[in-house]
Structures are given as C-alpha cells and as structure tokens.
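Before any comments, here is the structure.
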Amino acid sequence: MRSFWLYGALCVAIQGLSGCGSNPVAETKADAQVSAKVTQYDRLVVAFGDSLYAGYRLAPNEGLAPQLQAALKADGINARVHNAGVSGDTTAAGKARLAFVLDNLERKPDLVVLGLGGNDMLRGIKPAETRANMTAMMDELKRRDIPVVLTGMVAAPNLGQDYGKSFNGIFPQMAKEYDAPLYPFFLDGVVTEAALMLPDNIHPNAKGVSRVVEGLSPLVEAALNGNDKAVLEK
C-alpha cells in the first residue's frame with residue numbers, strides 16, 4: 001500500500017498545478033473528421049475521459065484507446081476506439097464537451113467508456129458537484145440511447161474519510177442507477193506497482209495501461225455483445 005499512499009500524497013501536492021495532466025487540448029470538428037479517415041470497422045467505441053484516457057506522455061499506440069482497440073481486435077471484434085480523452089478535464093469540462101464530441105463523430109457510437117472525476121478529486125471539488133456532472137453526462141448518453149461502461153476513481157487517503165466516503169460512492173451509485181457496467185478503480189493493480197507507473201506516480205506507463213485494458217476489455221466486450229442482443233430483440 002506504500003505506493004498508494006504515495007499516490008495520495010502526490011495527488012494532493014499537485015492540486016494547484018496540473019490537475020492530473022498538464023497539457024489540456026480541445027477536440028475540434030477537424031480533429032473528429034481526421035480521425036474518421038480510418039479503415040472500415042463494425043463497432044465504434046468512444047473512450048471519454050481525462051489524461052488517464054488521453055495517453056498522457058505515451059506514444060500514439062500506447063494509450064487506452066489504441067490498446068483497447070487492439071485487445072478487441074484480438075478477440076475478434078472489429079471496433080474503432082475513438083480517443084476522446086483530454087488531459088486536465090474535470091467532470092464539469094467533460095459535461096461541457098460531451099454533446100460536441102458525440103455530434104461530430106461519423107456516426108452514433110455503439111458504446112461510450114466514461115471515466116472522469118480524478119481531477120475533481122485532485123482539486124478538492126465537492127463530491128456533490130462531481131455527482132451532478134456525472135449525472136448530467138449519464139442522462140445525455142441515456143437520452144441518445146448509447147450504452148455506457150463506467151470506470152471509477154478512488155479518493156486519495158489524504159483527503160480524509162468524509163470526503164473519501166462521499167466521493168468513492170459516486171461511481172457505484174451511478175452504475176446502479178443507470179444499469180451500467182463498472183470497472184471500480186481505473187488504476188486497480190497498477191498504482192501500487194512502480195514498474196507500471198510513469199515517474200510522476202500518478203499516470204500509468206504503457207505496461208500499466210495494458211494492465212488496465214486486461215481488466216477493462218471483458219466489460220467492454222460484454223457491453224458490445226449485449227448491445228448486439230438488444231438490437232436483435234428490437
């Protein structure tokens with residue numbers, strides 16, 4: 001657990017600096033159009049999150065989206081995983097750009113993998129605000145009839161038991177309320193292993209992302225297969 005406590009200490013230390021990512025970028029319509037020029041695929045998955053999704057300080061093929069796409073392909077699912085991760089994003093920022101991202105895709109996605117909240121925690125944003133923003137995003141995806149897989153975050157121990165209890169409960173409650181599969185902690189089995197983390201001890205390296213994908217991809221595959229069944233039943 002030493003690494004986890006170190007993670008907590010570092011998270012609190014950088015609250016006023018980078019918010020779990022130092023180079024925020026805004027997705028533009030041009031970006032979406034360029035990313036659409038890819039080989040044919042059967043399924044479209046959107047990975048919508050912060051720097052943990054964006055591939056912070058990783059090579060283009062090492063982030064969550066490309067590694068998840070490769071894992072799906074290896075299991076026989078011809079999917080494109082669209083990287084909609086933006087470093088530094090809070091849930092409020094995510095809420096503000098979600099509709100724009102969805103509207104500028106080449107088509108309606110089959111699934112959104114949603115993971116935000118880490119930067120809220122780093123900045124000490126009230127869990128009630130995080131919950132409200134997450135609810136707004138889940139409502140928007142539900143309105144569009146887009147299935148969701150949630151990835152959760154855990155509050156740094158340094159923030160205290162009261163904050164941790166309120167924050168940590170957001171993601172299981174969202175999953176239950178919206179009947180969405182939940183990967184409870186994005187960095188589960190990663191943050192405690194120095195060999196899987198970048199030197200900042202906050203973001204996973206390529207091997208760390210691979211570990212995340214090992215745990216996450218079965219949920220994504222099950223959700224995609226479930227969506228297939230729902231289409232057949234209509």
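Would you point out which residue out of Ala84, Ala79, Ala71, Ala99 is surrounded by fewer than 20 Cβ atoms within 10 Å (Cβ to Cβ) and modelled with pLDDT of 95 or more? Lay out the reasoning, then the answer.
On the way: Ala84 fails: surrounded by fewer than 20 Cβ atoms within 10 Å (Cβ to Cβ); Ala79 fails: surrounded by fewer than 20 Cβ atoms within 10 Å (Cβ to Cβ); Ala71 fails: surrounded by fewer than 20 Cβ atoms within 10 Å (Cβ to Cβ).
None of the others qualify; the one that does is Ala99.
Mind counting the residues in the range 162-177 that are of a type in the set (Lys, Arg) and buried (at least 17 other Cβ atoms within 10 Å of the Cβ)?
Of the residues in the range 162-177, 0 are of a type in the set (Lys, Arg) and buried (at least 17 other Cβ atoms within 10 Å of the Cβ).
Does Ala92 satisfy being part of a helix (DSSP H, G or I), free of Cβ contacts under 8 Å to residues at least 40 places away in the same chain and under 15 Å from the mean Cα position of the chain (by Cα)?
For Ala92, the condition - part of a helix (DSSP H, G or I), free of Cβ contacts under 8 Å to residues at least 40 places away in the same chain and under 15 Å from the mean Cα position of the chain (by Cα) - is not met.
Here is a list: Asp179, Asp188, Asp120. Which entry is over 26 Å from Ile77 (Cβ atoms), out of contact with any Cys (no Cβ under 7 Å at 6 or more places or on another chain) and not basic (Lys, Arg)?
Asp120
Output the residues belonging to the range 42-67 that are under 14 Å from Asp89 (Cβ atoms), not hydrophobic (A, V, I, L, M, F, W, C) and not in a helix (DSSP H, G or I).
Gly49, Asp50, Gly55, Tyr56
The values are calculated or read from the model by the stated rules, or taken from the named source; none is laboratory data. Predicted model only: the values in this text are computed from it and were never measured. Reconstructed Cβ throughout: ideal geometry from the backbone, glycine too, with neighbour counts over all protein chains shown.
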